[in-house]
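Read the structure below first, then the notes.
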Amino acid sequence: MHDIGPSVDDWFEAEILPHEAALTHYLKRVWANHADIADLRQEIYIRVYESASRGLPDSPRAFLIATARHLIVDRVRRERIVSIDFTQDFAAPNVLIDWLSPERRLSARQELRSLSDAFDRLSADCRAVIWLRRVAGLSQREVATQLDMQEGTVASHLCRGLLVLTKMVLGNGMESGAQDDARGGDNETGHG
């Protein structure tokens, strides 16, 4: 990140908005419900703008796509938590359930099952890294220390694990080579 120039508005207009088509294409690839794309894009823009008001990123396009990835992970995690709540506590007042159609509830349960199955197929190291980074919110350095790994190994597990989860969940099943990736490959020790 570098210092803020004369105007975040000008920077945003010049450096972020020209990538709207690429962002929309990315979101359509990774998010199943295309009706949500406009809202997702708006939320990403808000996050990018707020972050830029504290300091401008060195690579705006990469920052935009990274922000999109983080938002998708947050949404999946939030939907997973909401889905768990809906399926675990039917005795509670159905204040929130009433607006969900039976098809939507079934879909949410299937998505949760799919994510859970995909998560279980990852190697133990990948699962631990993803859990600690994305759910527990630890930094890469904290995860490396806790798991006795090098930071590069943590980054590799996180990247590979999220890619495999994305392929298995959003790609509707195992793609070629994803099974080996999910297990960490045959020749990998997992620790660096």
Pull up all non-local amide H partners of L56: gap of 5 or more, or a different chain, and H-to-H distance under 5 Å with H placed in the peptide plane. H2, I4
Order of 127-134, 107-114, 30-37 by packing, highest average Cβ count within 10 Å first? 127-134, 107-114, 30-37
Between the DSSP loop rule and a limit of at most 12 other Cβ atoms within 10 Å, which trypsin sites (Lys or Arg not before Pro) in the range 15-83 are left? R54
Could you go through the range 158-169 in sequence order and give the Karplus-derived ³J(HN,Hα) for each residue, using 6.51 cos²θ - 1.76 cosθ + 1.60 with θ = phi - 60°, rounded to whole Hz, and x for Gly and Pro? 4, 4, 5, x, 5, 5, 5, 4, 4, 4, 6, 8
As a footprinting exposure proxy, order V154, V76 by other Cβ within 10 Å, with the fewest listed first. V76, V154
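Rule-based calculations on the coordinates, nothing more; no lab input. These numbers come from a predicted model, not from an experiment. A quick note on method: Cβ atoms are made from the backbone with ideal geometry, for glycine too, and the neighbour counts reach across all protein chains shown.
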